[in-house]
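The values are calculated or read from the model by the stated rules, or taken from the named source; none is laboratory data. No experiment lies behind these values; they were computed from the predicted model shown. Every residue, glycine as well, gets a Cβ built from its backbone with ideal geometry; the counts of neighbours run over all protein chains shown. Keep in mind that these areas ignore ligands, DNA and RNA; they rest on the heavy atoms of the full protein, side chains included. Shrake-Rupley method; radii C 1.70, N 1.55, O 1.52, S 1.80 Å.
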Amino acid sequence: MIADVSTAVVTGGGHGIGRSLCRRLHRDGVRVVVVDIDAEAAARVAAEIDGVSICADVGDEVQVTEAIDTVEKDVGPIDLFISNAGVGFGDADDYAASAGGGMHSVADRWEACWRVNVMAHVYAARSLVPRMVARGGGYLVNVASAAGLLAQIGDAAYTATKHAAVGFAESLAITHGDNGVRVSVVCPQAVATRMIGIEDDSGSLEGGFGGNEIDGILSADEVADRVVAGVAEGRFLILTHPQVSTYVQRKAADHDRWISGMQRFRRRLGGDGQ
Ligand SMILES: NC(=O)c1ccc[n+]([C@@H]2O[C@H](COP(=O)([O-])OP(=O)(O)OC[C@H]3O[C@@H](n4cnc5c(N)ncnc54)[C@H](O)[C@@H]3O)[C@@H](O)[C@H]2O)c1
């Protein structure tokens, strides 16, 4: 239960972690606005939780600003904004700087990752921080990834943009803490959603999809509960998977050793054919 939150917005609320966050916040009595590029999914979740849905591409500043304006006008002041929508595609042809494919309205994977994983957080803050400062407070929660503290093997664009998301959240917290704007950044490891190829994204680990073979995997519902607990405690860094703290300490203690270890891990995964 998060104090002083009546109205919340969750981006990427149509599926996965975002949907579980919408459900959890609704159970806590929060009025939830579900924002997603997938209009049907957003409407489905909103209907389930007696909320409101908005179809928007968070990689487009005009759409983010319009969505925020609409909520503030029609629903009420936004107390909590969770920038959760994210994308990842994997390196093309095994080259870390490669790009290719396409998604939504943007032409390549790097561009999509920058817009959705980083700029969406900037657009939301650009519109909301002045309002929150004027009202004396508010809460911004940005969902990054453990890849933003460590690395996602086989996805340089995801790794780089999630690091940027963590850096942006740090800057927000440092600059606006004195204005009453609270900031959290969420850095999960594996979560059972479509993002990691699990089509049965019901939110729980029940159902025998086979995903529990992935080390340390959590359900989206469990992650949502841990995020809400972290926000309620006012934590900046929310590590839904506690082992990430150990990995981050090892990386900080000896960066070169950490790179060697990750190279070995990549070989074990068969990433370079050795
Ligand atoms: N699943 C994991 O293992 C994992 C691990 C660490 C971090 N994360 C992060 O958690 C967040 C949620 O991921 P998930 O696993 O629930 O993924 P998901 O693919 O199940 O859900 C992502 C949601 O975001 C929406 N979305 C994508 N692009 C959008 C856009 N441009 N505008 C609006 N909505 C958009 C999708 O339609 C979908 O509903 C992401 O930021 C992801 O990077 C996931």
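Once Rh is set to the Kirkwood radius over Cα pairs, what Stokes-Einstein translational diffusion coefficient, in µm²/s, holds for the chain at a temperature of 4 °C and a viscosity of 1.567 mPa s?
Answer from the Stokes-Einstein relation: 68 µm²/s.
Reported value for the range 8-90: 82 Å³ per residue, from the convex hull of its C-alpha atoms.
Extension gain for residue 95 to residue 28 (0.36 nm times residue separation, less C-alpha to C-alpha distance): 19.6 nm. In order along the range 180-191, the Karplus-derived 3J(HN,Hα) couplings, from 6.51 cos²θ - 1.76 cosθ + 1.60 at θ = phi - 60°, round to x, 8, 8, 9, 10, 10, 9, 10, x, 8, 5, 10 Hz, and Gly and Pro are given as x.
Report, for the range 7-241, the % of DSSP beta bridges that are antiparallel, rounded to 5. In the range 7-241, approximately 5 percent of DSSP beta bridges are antiparallel ones. Here the chain is assigned +1 on the Cβ of each Lys and Arg and -1 on the Cβ of each Asp and Glu. Its dipole about the Cα centre then comes out at about 760 debye.
The Cα-based radius of gyration and maximum Cα-Cα distance (Dmax) for the range 37-180 are 16.1, 49 Å. Projecting the Cα atoms of 169, 11, 25 onto the charge dipole of the chain (Cβ charges, centred on the Cα centre) puts 169 farthest toward the positive pole.
Rounded to the nearest 500 deg cm²/dmol, what is the calculated helix-only ellipticity per residue at 222 nm for the chain, with -39500 (n - 2.57) per DSSP H run of length n ≥ 4?
Only helices count here, giving -13500 deg cm²/dmol.
Once all protein chains are placed together, residue 21 keeps about 0 Å² accessible to a 1.4 angstrom probe. Once neighbouring chains are kept in place and the probe is 1.4 Å, which whole percent of the accessible area of the chain is contributed by carbon and sulfur? Carbon-and-sulfur percentage of accessible area, whole number: 50.
Solvent-accessible surface of the chain, taken per residue with a 1.4 Å probe and all protein chains present: 46 Å². Comparing 222, 233, 61 in a Gaussian network model of the chain, where Cα atoms under 10 Å apart are tied by springs, the biggest mean-square fluctuation is seen for 233.
For residue 85, the residues whose modelled amide H falls within less than 5 Å of its own, excluding neighbours fewer than 5 places apart on the same chain, are 11, 12.
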